[in-house]
1. Report, ordered by the first and then the second residue, all pairs with beta carbons closer than 9 Å, sequence separation of six or more or different chains, a first member in region 269-283 that is in the same structural domain as residue 118 (by TED's automatic domain parsing) and of a type in the set (S, T, N, Q), and a second member that is part of a strand (DSSP E or B) and more than 10 Å from the ligand (Cβ to nearest atom).
2. Given the criteria within 14 Å of the ligand (Cβ to nearest atom), at pLDDT 95 or above and either closer than 18 Å to residue 289 by Cα or surrounded by fewer than 20 Cβ atoms within 10 Å (Cβ to Cβ) (or both), does residue 151 qualify?
3. Do you know which of the residues in region 64-114 that are within 15 Å of residue 51 (Cβ to Cβ) and of a type in the set (Lys, Arg) is farthest from the ligand (Cβ to nearest atom)?
4. Test residue 199 against the criterion of being surrounded by fewer than 20 Cβ atoms within 10 Å (Cβ to Cβ) and touching a Ser or Thr at 6+ places or on another chain (Cβ under 6 Å), and give yes or no.
5. Say whether the condition of being more than 16 Å from the ligand (Cβ to nearest atom), within 22 Å of residue 104 (Cα to Cα) and in the same structural domain as residue 155 (by TED's automatic domain parsing) is met by at least one residue in region 305-326.
6. Suppose we filter region 304-326 for residues that are in contact with a strand residue (DSSP E or B) (Cβ under 7 Å, 6 or more places away or on another chain) and part of a helix (DSSP H, G or I); how many remain?
7. Tell me, which residue of region 280-303 that is within 13 Å of the ligand (Cβ to nearest atom) and part of a loop (DSSP other than H, G, I, E, B) is farthest from the chain's Cα centre (by Cα)?
8. Has region 128-148 got any residue that is away from the ligand (no atom under 16 Å from the Cβ) and over 25 Å from residue 34 (Cα atoms)?
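The values are calculated or read from the model by the stated rules, or taken from the named source; none is laboratory data. Since we're looking at a predicted model, the values are computed, not measured. For neighbour counting, all protein chains shown are included, and Cβ atoms are generated from backbone atoms with ideal geometry for every residue, glycine included.
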Amino acid sequence: MDAKMDIKAPRGVRDILPDESWKWAYVLDAVAKTMADFGHSEIHLPIFEQTELFSRGVGDTTDIVEKEMYTFVDRGDRSITLRPEATAGMVRAAIEHGLCEQNASAKLWCWGPMFRYERPQKGRYRQFFQIDAESLGLAGPVADVEIIALSAEIFRRLGLKNLEVVLNSVGCPNCRPLYRQKLIDHFSARKGELCETCLGRLERNPLRLLDCKKPECGAIADAAPPIYESLCEECAAHFEEVKAGLTRLNFSYKTDKRLVRGLDYYTKTAYEILSGDLGAQNAVCGGGRYDNLSESVGGPHLPGVGFAAGIDRIVLVMEQQGSAFGKRPGAEIYVAAQDDSGRCPEARSAAQVLTHSLRMAGIAAEQDAGDSLKGARAFKAQMKSASGSGAGWLCVLGPSELAQGAVTVKNLQSGEQFSIALQDALQGRGPWGRRPCSRQAE
Ligand code: AMP
């Protein structure tokens, strides 16, 4: 079919086609198992929320809220936003359902699409998918170390290579104002050398000045005082204990005084896991602690720490590194009908019944579902479909097989051929080796 259509997927969003989607299933299987091993339970969250959750939670002066949200007024006149990230929704759900009441903690995870109006490029999309894990109600550094270890363990199990854990502390409302002022002083002294974006950040969000990728601003940021000198006693001790915990667990990491995250809610720990194989969009995972997020959206005090990792990017890195994704699911057996140019319609019926029976026995089977009213397709065409299906076995049903109550079975790799009783095949038994079968002599 060569038909073309004018309507295309919107810019920055993409279809995850079957050639890729089975790799996602592999990744998500490993993720679900690792989450369970670390005590995180899955939660499904809505993909849209009240806009205020993000404007207050993520922060009014962040790029996400200022420029990237998909916000619309719904038919009930409410301002709604397609979620740009999952943490705020996770915290909202935990509070709404009392998951952390009476000092209880909740370790949760979810995955799904996020939406940001960003400039699309390889590894950066407007609809992208994240895995997200959060530990809520846990204030101590052990929870931070668990979260970092959980993300790193997912990547270890998936076989990702060439990764680096980068760590920083962004302080808390006690010590950050002092550091903020130090940054304003430092950058104001070299105001004339700053780019447009940094000039704006100097006014609205000075911490993000450390984040600029432009070399001229980067040099000024490199010379900025590190936050470590300004951390309050509690933040400094927390940071030391996170580092000690990582060392105890044998994780190598690098501290980076310029690591700040694009979301305002972070306190204390901030971290990223970077890939050496991703070019400009090199972060596969980002996270940290957000002890004041709940209060900023009108909730109770609820400390938390978590991470988000991009599935699109994980799969991209794995493809680039030639990682294994397990076996692609597909037909194990292809059932072909030889209906003697339409003179033996029973062969087609038997093929249909056999295919369904094999499936009911838990064996992935495919059949010639072509122009059945006109008769089975030419045997050659069916063989082409059989080899295209990736099946390892072929079952043939024609007039002679039906006369003998048999099925001809061919191993498509070795070419070896058998005749087995149709009754056996209908119960899923055959040389494909699930269960013993009674073979008939050729
Ligand atoms: P963030 O929520 O910005 O901290 O991002 C966490 C992770 O989500 C990143 O490390 C990426 O792997 C992924 N990610 C963020 N934005 C995008 C995007 N626009 N397209 C694809 N992946 C993204």
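1. 269/167; 269/168; 269/169; 269/289; 269/305; 275/163; 275/164
2. In short, yes.
3. Out of the qualifying residues, it is 78.
4. On the way: surrounded by fewer than 20 Cβ atoms within 10 Å (Cβ to Cβ): yes; touching a Ser or Thr at 6+ places or on another chain (Cβ under 6 Å): no.
No, not satisfied.
5. The answer is no, given that none of the residues of region 305-326 is more than 16 Å from the ligand (Cβ to nearest atom), within 22 Å of residue 104 (Cα to Cα) and in the same structural domain as residue 155 (by TED's automatic domain parsing).
6. The initial filter retains those residues of region 304-326 that are in contact with a strand residue (DSSP E or B) (Cβ under 7 Å, 6 or more places away or on another chain), namely 304-314, 317.
When the remaining residues are screened for being part of a helix (DSSP H, G or I), the result is 311-314, 317.
The qualifying residues number 5.
7. Applying the first criterion (within 13 Å of the ligand (Cβ to nearest atom)) to region 280-303 yields 280-288, 290.
Those still in the list that are part of a loop (DSSP other than H, G, I, E, B) too: 280-282, 290.
Values: 280: 19, 281: 16, 282: 15, 290: 22 Å.
It comes out as 290.
8. no
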